[in-house]
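For reference, the structure discussed in these notes is given below.
The values are calculated or read from the model by the stated rules, or taken from the named source; none is laboratory data. Predicted model only: the values in this text are computed from it and were never measured. Methodologically, a virtual Cβ is constructed for each residue, glycine included, from the backbone with ideal geometry; neighbour enumeration extends over all protein chains shown. Please note that ligands, DNA and RNA were not included when accessible areas were found on the heavy atoms of the full protein model with its side chains. Shrake-Rupley method; radii C 1.70, N 1.55, O 1.52, S 1.80 Å.
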Amino acid sequence: MPDPECHIRFDNNPYGVYLAGQTLAGQVELRLTEILSVIGISLRLDGLTEIEWSEVIESATGHQPSGSRKTARYHGQQTLLNSTSFLCGSSVGPVRDLAIGTHTYHFSCELPAHLPTSFEGYHARIRYTAKVSVHRTKARVDPIGQASFTVLRHLNLNEHGEVLLLPAKSELTKVFCCGPCSSEPLYISAQIARCGYIPGQTIVMKIDAVNRSRTTVTEFRVKLVQKLCYSSQQPAVEMRTDALVVAESRCSGVTSGEVVKHQQNLLIPAVPPTYTDGAPLFSVNYELEVEARVTGPNISPRLAMPITIGTIALEQAVPKEKLKPLTKPPWDPFSPQHYTDIIGTRIPIGHAVRRSQAGLEEQLPNGSNNVRLHYIVHRNGGELPP
């Protein structure tokens, strides 16, 4: 007996896209070319998080010093939605005959508000499906139709406290080589106005750099990195993290003896929101990364700042009373101030230049050949330590 022709349609929603907490409604249409004997017809809504990846493992043996290779496959899953309802009959009812022709059944189900946004990746996926099955007997259940639908879960950034409204800053000092060959430091700082954004918004990042080393930074790369974290369940508990660059912008670097200031804009593309409720099985996080590409065999220094990607933008600014003043004066490398480093040595940079946004070099103003680089400030008129 051939299976009946089955079509699943969603009411006023041809693409099957729903918000978590909305009501999913539609109809199932069966077209029969002969009488169908069943005890029931069921509709099952499934939501599942699945992760899987494989790794090649080498193991050394006595007869094979180079070792043998085997592939280990890791996987795990979590049920998010499992709801079954009968369009007609039941799983234990009497047998009934469905006549030849078209049979239409309507359904409606409220989706839980905690469902995460649908996701498709190389090693993880969050999928939702509607499946229709024919129960011919208590022991025989045949699936006859399936349709996928998409769930979107709102992440309101305003519900995460004022921490997302506060600016963030990251900085590093890099010394190339070591021992007697070590260079003077390269200082880099990056700052953003807040830590919460939504797709379509632009992140404005300010980059300050002071290069006292002999190494040239050819360019700065600002990246929005999506960090996917997985935890397997079988055959053992293992962790894996993938970092995907979803947006990137570049600007000119800084040569030896140079001081530069940049302002980079980075447009956030259409990406799923931050998701941590599924941890440790699966989570999605984001961070901004600044990479200083350097010449030679040196490792390019990087600094990073975590941010939250939501679906509803921040609406208000931080009250002024919540903003505390900095504990040290703001950094202005072009002001006529004297600075010493943390071991009390004055830091002159002879013939220093700064680079404009257009990439042109300009001489620094007179009397401003001292810069601050994680250093203690001694203003004019004060005694410098010996």
Problem set entry | Pairs, first under 30 Å from E52 (Cα atoms) in the stretch 281-306, second open to solvent by 50 Å² or more (accessible area, probe 1.4 Å) and not in a strand (DSSP E or B), C-beta under 9 Å, six or more apart | L281/Q233; S283/T276; S283/D277; V284/T276; N285/T276
Exercise. Can you tell me which residues in the stretch 219-248 are part of a strand (DSSP E or B), exposed (fewer than 14 other Cβ atoms within 10 Å of the Cβ) and among the β-branched types (V, I, T)?
Worked result: T241, V245
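If you take the residues in the stretch 249-264 that are outside any strand (DSSP E or B) and touching a Ser or Thr at 6+ places or on another chain (Cβ under 8 Å), which one is nearest to E120 (Cα to Cα)?
In the first step, residues of the stretch 249-264 are kept if they are outside any strand (DSSP E or B); the result is 255-257.
In the following step, the residues that additionally are touching a Ser or Thr at 6+ places or on another chain (Cβ under 8 Å) were identified as 255-256.
Details: T255: 42, S256: 45 Å.
The extreme case among them is T255.
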For this session: Quick one: Y230 ticks every box in (1) more than 30 Å from V56 (Cβ to Cβ); (2) hydroxyl-bearing (S, T, Y); (3) in contact (Cβ under 8 Å) with a residue 40 or more places away in the chain except a single one, so which number is it?
Result: (1)
Seminar exercise, completed: Among strands (runs of 3 or more DSSP E) entirely within the stretch 29-145, at least 1 residues that are under 30 Å from P273 (Cα atoms) occur in 40-59, 68-89, 101-110, 124-135
Exercise. Do you know which of the residues in the stretch 91-125 that are open to solvent by less than 90 Å² (accessible area, probe 1.4 Å) and modelled with pLDDT under 90 is farthest from N13 (Cα to Cα)?
Worked result: G93
For this session: Evaluate the stretch 36-52: report whether one residue or more is more than 33 Å from the chain's Cα centre (by Cα), of a type in the set (A, V, I, L, M) and open to solvent by 30 Å² or more (accessible area, probe 1.4 Å).
Result: no
Exercise. Could you give every pair whose Cβ atoms fall below 7 Å, whose first residue belongs to the stretch 82-108 and is among the basic types (K, R), and whose second residue is in a strand (DSSP E or B) and surrounded by 11 or more Cβ atoms within 10 Å (Cβ to Cβ), counting only separations of at least 6 or pairs across chains?
Worked result: R96/V38; R96/G89
For this session: Check off (1) at pLDDT 95 or above; (2) over 11 Å from the mean Cα position of the chain (by Cα); (3) within 18 Å of S170 (Cα to Cα) for P301 and give me the number that stays unchecked.
Result: (1)
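Applying the selection to the stretch 149-165, what residues are farther than 30 Å from L24 by Cα and either of a type in the set (S, T, Y) or surrounded by 16 or more Cβ atoms within 10 Å (Cβ to Cβ) (or both)? Spell out how you get there, then give the answer.
Going through the stretch 149-165, the residues farther than 30 Å from L24 by Cα turn out to be 161-165.
Scanning the stretch 149-165 gives L164, L165.
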For this session: Return the total of residues in the stretch 204-218 being in contact with a Leu (Cβ under 9 Å, 6 or more places away or on another chain) and part of a strand (DSSP E or B).
Result: 6
Exercise. Would the stretch 75-90 turn up any residue that is within 25 Å of V246 (Cβ to Cβ), open to solvent by 20 Å² or more (accessible area, probe 1.4 Å) and hydrophobic (A, V, I, L, M, F, W, C)?
Worked result: yes
